Amino acid sequence: MSNAERTTGRTRRGCGCLSGVCALVLLVWAMAWILSGVSWWADIAANFAAQGALVSGAVCAWWVVRRRRGLALVALLAAGMHAWILGTGREAWLPRPIDSGAPAAEGRVRLLHFNCSSRPAPADVYALFDACHADVVSITEPNVYVQFDVIYDDKLQSEFPHRMKRYFRDLPTGQRGAGFVLSKFPLTPFPVEPDAQGEHVEEIIAAIVEAPARFGLIAVHPRSPRTRARWADGHEVARAAAGVARRMREQGLPVVLLADLNSTPSGWRSRELYFAAGLRRAKPVFEVRGTYPKHLDVGPRHMATRWPMTIAIDDAFIAGPVTLHGWGLLDPIGSDHWPVLVDVAPGP
């Protein structure tokens with residue numbers, strides 16, 4: 001055997017080993033959701049199932065071209081597993097456009113969820129409420145100026161006569177961001193204590209919205225999983241929110257939950273809300289847009305992002321007799337999160 005033939009043989013064996021490792025990685029990534037409730041790293045991987053489906057599909061196509069049928073089948077299986085978990089617990093498959101420039105149709109309620117990320121000017125935030133004709137608004141991480149306007153004062157009282165608040169708190173376990181819900185319809189507080197203990201009670205805003213067709217409303221913002229401790233803490237908040245939603249449903253209420261869940265549709269928190277409380281994600285499966293981050297800072301460059309560089313962590317969740325009529329994203333007006341706007345019709 002010549003040196004050239006030996007080199008070619010080693011190259012082929014090396015490529016075969018590399019392909020095998022690649023196939024194994026794709027399969028492990030596709031099955032990460034199985035351990036996402038107990039493993040921080042597994043949940044991080046599971047949250048990127050949409051990107052995993054894209055990568056697995058591209059690798060499958062490459063192996064088909066290279067006539068590596070067995071490996072192509074493995075990649076196809078991985079892509080299918082990602083797609084399956086992405087579709088679990090979703091309300092709609094096809095996009096449902098929403099006309100934000102006109103009020104919601106009669107019998108519908110328009111809800112806005114927006115993580116301000118402490119950036120937009122107060123005037124821009126208030127103008128957004130008016131421009132999208134929202135009936136109910138849920139805001140997380142408002143800057144101090146918005147907090148003083150809305151949480152500590154009565155700004156927008158004439159536009160939104162009813163409100164519930166979550167104050168900023170600096171606890172030994174970490175800072176807890178402020179938030180609030182504004183509503184054109186009366187709000188009756190819904191107790192959360194029986195299903196959550198300690199500081200997690202304070203993380204949840206829960207109310208009955210006395211709209212023409214009354215429904216339960218939950219606004220929540222579990223902590224991001226940037227560390228293992230924050231990941232575990234956020235899971236407890238998600239469990240508590242699921243418990244509140246279950247009790248609302250036991251009372252015969254349709255439920256709408258608005259959240260920056262810090263979890264994509266394939267992450268554990270999303271699946272916990274679905275399996276434990278029957279909450280379905282409003283974002284349609286084939287609405288291929290993320291809600292965060294709006295931009296990335298790479299050195300001196302400020303790069304705008306689009307999917308697959310974005311992930312869907314902000315959304316509305318619905319349960320019971322609630323019909324989803326529209327879902328859309330609005331201009332972030334300076335935040336690194338896109339605002340989520342939904343039109344729903346609670347009731348049978």
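The values are calculated or read from the model by the stated rules, or taken from the named source; none is laboratory data. From a predicted model like this one, the values you see are computed outputs, not experimental measurements. Counting neighbours? That spans all protein chains shown, and the Cβs are built from the backbone with ideal geometry, glycine included.
At-a-glance table
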{"quantity": "Unmet requirement for Phe286, which otherwise passes all of (1) of a type in the set (A, V, I, L, M, F, W, C); (2) outside any loop (DSSP other than H, G, I, E, B); (3) touching a residue at least 12 places away in the same chain (Cβ under 8 Å)", "calculated": "(2)"}
{"quantity": "Residues of the stretch 106-129 classified as in contact with a Leu (Cβ under 9 Å, 6 or more places away or on another chain) and among the basic types (Lys, Arg), total", "calculated": "1"}
{"quantity": "Hits in the stretch 34-75 (condition: closer than 16 Å to Trp231 by Cα and either out of contact with any Ser or Thr (no Cβ under 6 Å at 6 or more places or on another chain) or among the aliphatic types (A, V, I, L, M) (or both))", "calculated": "Leu35, Ser36, Gly37, Val38, Ser39, Trp40, Trp41, Ala42, Ile44, Ala45, Ala46, Phe48"}
{"quantity": "Matching entry among Asp153, Asp170, Asp149 (being assigned by TED's automatic domain parsing to the domain that holds Ala245, under 22 Å from Phe114 (Cβ atoms), of a type outside the set (A, V, I, L, M, F, W, C) and without any contact (Cβ under 8 Å) to a residue 24 or more places away in the chain)", "calculated": "Asp153"}
{"quantity": "Pairs where the first residue, in the stretch 39-54, is without any contact (Cβ under 8 Å) to a residue 24 or more places away in the chain and the second is assigned to a helix (DSSP H, G or I) and surrounded by fewer than 21 Cβ atoms within 10 Å (Cβ to Cβ), C-beta under 6 Å, 6+ apart", "calculated": "Ala42/Leu35"}
{"quantity": "Condition check for Asp124: in contact (Cβ under 8 Å) with a residue 40 or more places away in the chain, over 26 Å from Phe48 (Cβ atoms) and surrounded by fewer than 17 Cβ atoms within 10 Å (Cβ to Cβ)", "calculated": "yes"}
{"quantity": "Residue match in the stretch 141-154 (condition: surrounded by 21 or more Cβ atoms within 10 Å (Cβ to Cβ) and part of a loop (DSSP other than H, G, I, E, B))", "calculated": "yes"}
{"quantity": "Condition broken by Asp343, with the remaining ones in (1) within 17 Å of Ser117 (Cβ to Cβ); (2) touching a strand residue (DSSP E or B) at 6+ places or on another chain (Cβ under 9 Å); (3) not hydrophobic (A, V, I, L, M, F, W, C) satisfied", "calculated": "(1)"}
{"quantity": "Selection from the stretch 203-237 of residues that are closer than 16 Å to Arg166 by Cβ and either in a loop (DSSP other than H, G, I, E, B) or among the small types (Gly, Ala, Ser) (or both)", "calculated": "Ala206, Ala207, Ala219, His221, Pro222, Arg223, Gly234"}
{"quantity": "Criterion violated by Trp84 - all others in (1) at pLDDT 95 or above; (2) touching a helix residue (DSSP H, G or I) at 6+ places or on another chain (Cβ under 8 Å); (3) not small (Gly, Ala, Ser) satisfied", "calculated": "(2)"}
{"quantity": "Top-ranked residue in the stretch 164-197 [being over 23 Å from the mean Cα position of the chain (by Cα) and not in a loop (DSSP other than H, G, I, E, B); ranked as modelled with the lowest pLDDT]", "calculated": "Pro194"}
{"quantity": "Filter pass, Pro95 being in contact (Cβ under 8 Å) with a residue 12 or more places away in the chain and in contact with a Pro (Cβ under 9 Å, 6 or more places away or on another chain)", "calculated": "yes"}
{"quantity": "When residues of the stretch 198-212 are limited to those that are of a type in the set (A, V, I, L, M, F, W, C) and at pLDDT below 90, the one surrounded by the most Cβ atoms within 10 Å (Cβ to Cβ)", "calculated": "Ala211"}
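Residues checked against (1) over 22 Å from Ser224 (Cβ atoms); (2) at pLDDT 95 or above; (3) within 13 Å of the chain's Cα centre (by Cα):
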| residue | (1), (2), (3) |
| --- | --- |
| Arg280 | yes, yes, yes |
| Met309 | no, no, no |
| Ile313 | no, yes, yes |
| Leu324 | yes, yes, no |
